[in-house]
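Since the structure comes first, as structure tokens, the remarks are kept for the end.
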Amino acid sequence: MSQNLLQGWGIAVNNRYIRIARNNMKVTDLQLKQQAVTTVAAVLNLYWDLVAFREDARLKNEALEAARKLYEDNRKELAAGAVAAIEVTRAQAEIPARQQDVVMAETNILQQEIVLKNAISRRGIEDPLLESTRLIPLDRTAVPAVEDLGRCGS
């Protein structure tokens, strides 16, 4: 035999929607925290990509200077009769290839700056102040001279 008179009566039934609302608030807070962490991580990754592109451009500029120096040295050695003319031609042909590498590296930097500006501002490069501003990272990637492999397992 069952009594339906008291079914659905009491605090537990009345607090059901309050508990659901509290759980929904906790879920919303956790989603907000997750979104904030995801956004910060994405901006950090874009920043370090910009750092890497700047380092790549610096190395490409050094390669261009080395190609120019090799060309000048080979020209001097050709005048002295120490090398064949083909070596001067090879060194001369290397310069435009290195110049192209430098232009590509600079293009990568500019594109990454645009992506980063769009990530850190609401209007991105639509803002005239941001459009003309260059982003110059203060950090550099550092590779240790010697890596201690003995401590990896400890």
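The values are calculated or read from the model by the stated rules, or taken from the named source; none is laboratory data. On a predicted model such as this, the values are computed, not experimentally measured, just so you know. Neighbour counts are summed over all protein chains in view; Cβ atoms, including those assigned to glycine, are modelled from backbone coordinates with ideal geometry. Ligands, DNA and RNA are stripped out before the accessible areas are found, and what is left, the full protein with its side chains, is counted by its heavy atoms. Shrake-Rupley method; radii C 1.70, N 1.55, O 1.52, S 1.80 Å.
Can you tell me which aspartates and glutamates have their Cα less than 16 Å from the Cα of LYS69? Leave out same-chain residues fewer than eight positions away.
Answer for LYS69, where 16 Å is the Cα cut-off: GLU77, GLU87, GLU94, listed by chain and number.
Give me the number: length gained by fully extending ILE125 to ILE20, i.e. 0.36 nm times residue separation minus the C-alpha to C-alpha distance, one decimal in nm.
Full extension of this stretch gives 33.5 nm more.
Report the FRET efficiency, 1/(1 + (r/R0)^6), for VAL51 and ALA84, where r is their Cβ-Cβ distance and R0 is 41 Å, rounded to 0.05.
According to the calculation, E is roughly 0.45.
What net charge do the residues around PRO96 carry, taking every other residue with its C-beta under 14 Å from that of PRO96, with Lys and Arg at +1 and Asp and Glu at -1?
The answer is +2.
Using a 1.4 angstrom probe with every protein chain in place, what is the largest-first accessible-area order of VAL115, VAL146?
Largest accessible area first, the list is VAL146, VAL115.
How do TYR17, TYR71 rank by accessible surface area computed with a 1.4 Å probe, from largest to smallest?
Final ranking, largest accessible area leading: TYR17, TYR71.
Of the options LEU116, GLN99, ILE136, report the single residue whose Cα projects farthest towards the positive end of the charge dipole of the chain (beta-carbon charges: Lys, Arg +1; Asp, Glu -1).
Farthest along the dipole direction, towards plus: LEU116.
GNM on the chain, C-alpha springs below 10 Å: top fluctuator among PRO137, PRO96, PRO128?
PRO128
For the residue pair GLU62 and ALA42, what label-to-label distance in nm results when each label sits 7 Å from Cα along the Cα-to-beta-carbon direction?
3.4 nm
To the nearest 10 degrees, how steeply does helix 16-80 sit against the main Cα axis of the chain, on a 0 to 90 scale?
0 degrees
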